[in-house]
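K.L.:
Submitted below is the structure of interest, expressed as structure tokens.
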Amino acid sequence: MPRELTEQELLKELEPVVEANLNRHLALAKTWHPHDYVPWGEGRNFRALGGTDWDPDQSGLDKAAKAAMVTNLLTEDNLPSYHREIAENFSLDRAWGTWVGRWTAEENRHAIVIRDYLVVTRGVDPVALERARMENMTTGFVPATDKGVLHTLAYVTVQELATRVSHHNTGKVCGEPIADRMLQRVAVDENLHMVFYRNLTSAAFDLQPDTMMRALVDVLGSFQMPGTGMPDFRRNAVTIAKAGIYDPRIHVDEVIRPVLQHWRIFERTDFGSEGEHARDDIAALLEDLETKADRFEERRERLLDRAV
């Protein structure tokens with residue numbers, strides 16, 4: 001069984017993987033500009049500049065689309081907190097630092113383009129949106145597990161994939177082709193970010209299989225989306241789940257199972273006793289998530305039947 005590496009040793013051992021995946025990312029990432037995804041011709045002044053202020057009738061988004069767009073945007077707004085977390089848990093040296101900067105710059109485009117779209121199209125109340133942004137960013141993001149490199153790698157892999165799925169599905173429910181195109185563009189970025197972190201996690205499994213498994217159990221057992229602390233998160237999350245944008249079944253089938261399969265969690269033969277025990281915990285956790293997903297689908301089906 002390999003010796004458990006220190007945080008600094010992990011960063012050093014993983015640095016060649018970071019550099020290789022940074023180069024891969026830069027080769028695949030396509031340049032895009034937020035202003036190209038916003039229908040500026042629909043914009044007009046608000047009262048402060050002689051126009052009219054927002055009114056609910058001006059929005060073309062239904063309740064679910066509004067909830068998802070606001071939740072996604074406020075999540076992206078908390079970028080300073082995320083930057084701090086990955087900078088502190090990874091490094092700002094050499095390839096690590098280049099990645100942290102590049103990732104931050106790419107993520108910032110997401111908040112820019114979604115906010116511009118919502119304000120120009122009057123999709124949501126801009127005053128309420130700004131108040132929520134101020135409250136959300138003042139609170140910041142506090143991770144459920146903040147235990148170093150391996151926990152951070154596991155969390156960001158799952159979170160980036162979950163965010164990609166959420167943006168993709170939000171675009172589909174907006175019922176508006178420009179919004180869909182914009183959010184599919186954002187989802188492409190999120191997928192590339194997920195692949196970067198997923199590949200690093202694969203390398204971490206090869207370096208420290210048991211320790212990485214313990215970290216994965218901790219992360220999956222306490223996983224929360226980074227927007228959990230934002231205003232009205234629970235209410236909006238219920239609306240989003242009912243609409244099939246992001247719900248317990250999607251979380252299991254489109255997020256948790258794919259990463260577990262990619263890392264070959266149930267096929268690996270390099271675990272020691274701790275890793276084997278952690279794998280049993282993952283299996284039990286997955287069974288519990290399946291049960292919760294089934295129950296949610298049953299409840300949603302009953303609600304839909306009553307609405308008919």
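K.L.:
Among the numbered criteria (1) over 26 Å from the mean Cα position of the chain (by Cα); (2) in contact (Cβ under 8 Å) with a residue 40 or more places away in the chain; (3) more than 30 Å from Glu274 (Cβ to Cβ), which one does Gly41 miss?
P.N.:
Here Gly41 meets the rest and fails (2).
K.L.:
Let me ask something additional. I want to confirm something. Restricting to region 1-21 and keeping residues that are outside any helix (DSSP H, G or I) and open to solvent by less than 80 Å² (accessible area, probe 1.4 Å), which single residue is farthest from Leu150 (Cα to Cα)? Please lay out each step first, then the result.
P.N.:
Restricting attention to region 1-21, the residues satisfying the condition of being outside any helix (DSSP H, G or I) are 1-6.
Retained after the next criterion (residues that are open to solvent by less than 80 Å² (accessible area, probe 1.4 Å)): 2, 5-6.
On the way: Pro2: 16, Leu5: 11, Thr6: 11 Å.
Among them, the one singled out is Pro2.
K.L.:
Could you please let me know if Gly229 is more than 14 Å from Val158 (Cα to Cα), within 18 Å of the chain's Cα centre (by Cα), open to solvent by 50 Å² or more (accessible area, probe 1.4 Å) and not hydrophobic (A, V, I, L, M, F, W, C)?
P.N.:
Values: more than 14 Å from Val158 (Cα to Cα): yes; within 18 Å of the chain's Cα centre (by Cα): yes; open to solvent by 50 Å² or more (accessible area, probe 1.4 Å): yes; not hydrophobic (A, V, I, L, M, F, W, C): yes.
Against the criterion (more than 14 Å from Val158 (Cα to Cα), within 18 Å of the chain's Cα centre (by Cα), open to solvent by 50 Å² or more (accessible area, probe 1.4 Å) and not hydrophobic (A, V, I, L, M, F, W, C)), Gly229 qualifies.
K.L.:
Out of everything in region 199-213 that is open to solvent by 10 Å² or more (accessible area, probe 1.4 Å) and in contact with a Leu (Cβ under 8 Å, 6 or more places away or on another chain), what residue ends up being farthest from Leu5 (Cα to Cα)?
P.N.:
Ala203
K.L.:
A further question on this structure: Pick from region 252-308 the residues that are assigned to a loop (DSSP other than H, G, I, E, B) and in contact with a Pro (Cβ under 8 Å, 6 or more places away or on another chain): which of them is farthest from Thr157 (Cα to Cα)?
P.N.:
Going through region 252-308, the residues assigned to a loop (DSSP other than H, G, I, E, B) turn out to be 263-272, 308.
After this cut, where a residue has to be in contact with a Pro (Cβ under 8 Å, 6 or more places away or on another chain) as well, the list is 268, 270-272.
On the way: Arg268: 19, Asp270: 22, Phe271: 21, Gly272: 24 Å.
For region 252-308, the residue satisfying everything is Gly272.
K.L.:
Tell me which of these Gly221 doesn't satisfy, since it passes every other one: (1) under 27 Å from Leu5 (Cβ atoms); (2) surrounded by 19 or more Cβ atoms within 10 Å (Cβ to Cβ).
P.N.:
Every listed condition holds for Gly221 apart from (2).
K.L.:
Could you list all residues from region 55-69 that are free of Cβ contacts under 8 Å to residues at least 60 places away in the same chain and under 13 Å from Asn236 (Cβ atoms)?
P.N.:
Lys66
K.L.:
If you check Leu220, Leu192, which single one turns out to be within 16 Å of the chain's Cα centre (by Cα), closer than 30 Å to Trp40 by Cβ and of a type in the set (A, V, I, L, M, F, W, C)?
P.N.:
Leu192
K.L.:
While we're on this one: Mind checking which residues of region 47-60 are out of contact with any helix residue (DSSP H, G or I) (no Cβ under 9 Å at 6 or more places or on another chain), of a type outside the set (D, E, K, R) and not in a loop (DSSP other than H, G, I, E, B)?
P.N.:
Pass one, region 47-60, residues out of contact with any helix residue (DSSP H, G or I) (no Cβ under 9 Å at 6 or more places or on another chain): 47-51, 55-57.
Those left that are additionally of a type outside the set (D, E, K, R): 48-51, 56.
Matches in region 47-60: Ala48, Leu49, Pro56.
K.L.:
Using beta carbons and a limit of 7 Å, which pairs, at least six apart or on different chains, have the first residue in region 268-288 and open to solvent by less than 70 Å² (accessible area, probe 1.4 Å) and the second one in a helix (DSSP H, G or I) and basic (Lys, Arg)?
P.N.:
Pairs found: Phe271/Arg279; Ala278/Arg214.
K.L.:
Considering only residues that are surrounded by fewer than 21 Cβ atoms within 10 Å (Cβ to Cβ) and part of a helix (DSSP H, G or I), which ones fall in region 61-81?
P.N.:
Matches in region 61-81: Lys63, Ala64, Lys66, Leu79, Pro80, Ser81.
K.L.:
Specify the residue that is modelled with the lowest pLDDT; the eligible residues are those in region 82-99 that are in a helix (DSSP H, G or I) and of a type in the set (S, T, N, Q). Step through it out loud before you land on a result.
P.N.:
The initial filter retains those residues of region 82-99 that are in a helix (DSSP H, G or I), namely 82-89, 94-99.
Filter once more, so that each one left must be of a type in the set (S, T, N, Q): 89, 98.
Values: Asn89: 91, Thr98: 97.
The qualifying residue modelled with the lowest pLDDT is Asn89.
The values are calculated or read from the model by the stated rules, or taken from the named source; none is laboratory data. All of these numbers come straight from a predicted model, not from anything done at the bench. FYI the Cβ positions are ideal-geometry reconstructions off the backbone, even for glycines, and counts take in every protein chain you see. Accessible surface is based on the protein model in full, side chains and every heavy atom, while ligands, DNA and RNA are left aside. Shrake-Rupley method; radii C 1.70, N 1.55, O 1.52, S 1.80 Å.
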